[in-house]
Amino acid sequence: MLAELLQLPVQDQIFYAVLVFSWTVYLWEAYLAYRQRRIYRSTMHVPTELGKIMDSETFEKSRLYQLDKSNFGFWSGLYSETEGTLILLLGGIPFLWKISGNLTARFGLGPEYEISQSLVFLMLATLFSAFTGLPWSLYNTFVIEEKHGFNQQVLVTIYADYIAPLFDKFTPLPDGELKTDIESMSKSISFPLTKIYVVEGSKRSSHSNAYFYGFFKNKRIVLFDTLLEDYSPLNQSGEGEAATEQKEESEVSGDESKPKPKNKKQGCSNPEVLAVLGHELGHWKLGHTIKNIIISQMNSFLCFFLFAALIGRKELFLAFGFNDSQPTLIGLMIIFQFIFSPYNELLSFCLTVLSRRFEFQADRFARGLGRSAELYSALIKLNKDNLGFPVADWLFSMWHYSHPPLLERLRALTGPKQD
Ligand SMILES: [Zn+2]
């Protein structure tokens, strides 16, 4: 079988290798998803570490939601893999390219207008995938999300993630205990801190809690108000809009129509904030930021180098049914999507593993600063609202999670010290 394959012209070998690799990745991912589904089916109790923050009702709701999502993912994944294979086998890409050429020709633009033809091609390809993807996304939104009561969140997430940050208000952290503590911690690890800011009125779902920026000897720390007990909008009397106003004002005008937060304290105490910052500064001290920048630069360099070397190869175009032309856009697609696919899979796996290592190292760094107990409770508090389903299959999590699951972090924090 293999000997016969090697007898084939090189373009056919490329084509079959692409197909076989694509199905290998698909089957691997399907296997991992199956392992994770087994966890959803069999884990019936909240892990002991999380007993205080997650009740069994929330746990069960989240379990059923994830199970439905995963089953849906199985069918939609199978469909899109089959669709992709049929497109390749039936010559869908050269066919669409030809149609685009015919369309541009109608406007008097011959084959020498490659950019116009490429634009039409992209438009038609987008329309096609929107059309075939529509039933799936409708089912996802109106059946699965609706059934589990998540439907209304769609828009809110887009707002919180992309639009709201544009209006973020930065104010310097006022003098006080927290400020002096942060300054002395920075000093103890020679972090060149110049200013500390608080982002006010951030309504985000708190993906991020604190970060630092700035070059060389001029670093600033930014804390999200949702991280700080004293600033957190939910802890102030008028929840919602009023929270973005001054604290005193909202207390005076306190909007009565809005439900008051029922003892639902958000944010961390000062020692916990310092522990979280200890983790973030660990990323800096251990050179994680620089390492990530170097890796991504090297990767782009390598990709463009390989692209330049490959774009002139006729076999690549022949493999995908382009017998008499080599359009640049098609070359980009073939090289980045199909030829680089093994490299991309490997790279993303390595980056995932590396990123998780960095997280554990940063946690250990905070622990080295003597802040493990505070980090433990801070992690629990910060993950309370977006815990999702807290149990993961080890292989699934190793392949997919760039951040270690909460439980693994908590266990590492209390586990034996290792360096
Ligand atoms: Zn981190």
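The values are calculated or read from the model by the stated rules, or taken from the named source; none is laboratory data. Keep in mind the model is a prediction, meaning the values are calculated, not measured. Note: ideal-geometry Cβ built from the backbone for every residue, glycine included; neighbour counts use all protein chains shown. Only protein heavy atoms, including side chains, enter the accessible area calculation; ligands, DNA and RNA are left aside. Shrake-Rupley method; radii C 1.70, N 1.55, O 1.52, S 1.80 Å.
Given the criteria open to solvent by less than 80 Å² (accessible area, probe 1.4 Å) and among the β-branched types (Val, Ile, Thr), does Thr82 qualify? Here the answer is yes, as Thr82 does meet what is asked. Exactly one residue out of Gln7, Gln13 is open to solvent by 30 Å² or more (accessible area, probe 1.4 Å) and farther than 25 Å from Gln337 by Cα, and it is Gln7. Taking every residue in the range 342-362 that is without any contact (Cβ under 8 Å) to a residue 40 or more places away in the chain and pairing it with any residue that is open to solvent by less than 30 Å² (accessible area, probe 1.4 Å) and within 15 Å of the ligand (Cβ to nearest atom), at least 6 positions away or on another chain, yields no pair with a Cβ-Cβ distance below 7 Å.
Taken over the range 358-374, residues that are under 16 Å from Glu408 (Cα atoms) and more than 11 Å from the ligand (Cβ to nearest atom) amount to 4.
Where in the range 267-344 are the helices (runs of 4 or more DSSP H), entirely inside, with at least 2 residues that are assigned by TED's automatic domain parsing to the domain that holds Leu89, touching a helix residue (DSSP H, G or I) at 6+ places or on another chain (Cβ under 7 Å) and more than 16 Å from the ligand (Cβ to nearest atom)? Because the criterion is at least 2 residues that are assigned by TED's automatic domain parsing to the domain that holds Leu89, touching a helix residue (DSSP H, G or I) at 6+ places or on another chain (Cβ under 7 Å) and more than 16 Å from the ligand (Cβ to nearest atom), no helices (runs of 4 or more DSSP H) in the range 267-344 meet it. Going by the conditions given, is Leu96 aliphatic (A, V, I, L, M) and modelled with pLDDT of 80 or more? Criteria met by Leu96. Out of the residues in the range 197-235 that are assigned to a loop (DSSP other than H, G, I, E, B) and open to solvent by less than 20 Å² (accessible area, probe 1.4 Å), state the one that is modelled with the lowest pLDDT. The extreme case among them is Ser202. Scanning the range 23-39 for residues that are touching a Leu at 6+ places or on another chain (Cβ under 8 Å) and either farther than 25 Å from Glu345 by Cβ or among the hydrophobic types (A, V, I, L, M, F, W, C) (or both) yields Ala30, Leu32.
Give the residues of the range 351-371 that are small (Gly, Ala, Ser) and buried (at least 19 other Cβ atoms within 10 Å of the Cβ), sorted by residue number. Answer for the range 351-371, where residues must be small (Gly, Ala, Ser) and buried (at least 19 other Cβ atoms within 10 Å of the Cβ): Ala362, Ala366. Beta carbons closer than 6 Å, at least 6 apart along the sequence or on distinct chains, never pair a first residue in the range 271-284 that is free of Cβ contacts under 8 Å to residues at least 24 places away in the same chain with a second that is among the hydroxyl-bearing types (Ser, Thr, Tyr) and more than 8 Å from the ligand (Cβ to nearest atom). Of everything listed in (1) open to solvent by 30 Å² or more (accessible area, probe 1.4 Å); (2) touching a Gly at 6+ places or on another chain (Cβ under 9 Å), the single unmet condition for Phe121 is (1).
Considering only residues in the range 297-320 that are touching a residue at least 40 places away in the same chain (Cβ under 8 Å) and surrounded by fewer than 18 Cβ atoms within 10 Å (Cβ to Cβ), the one that is nearest to Trp97 (Cα to Cα) turns out to be Glu315.
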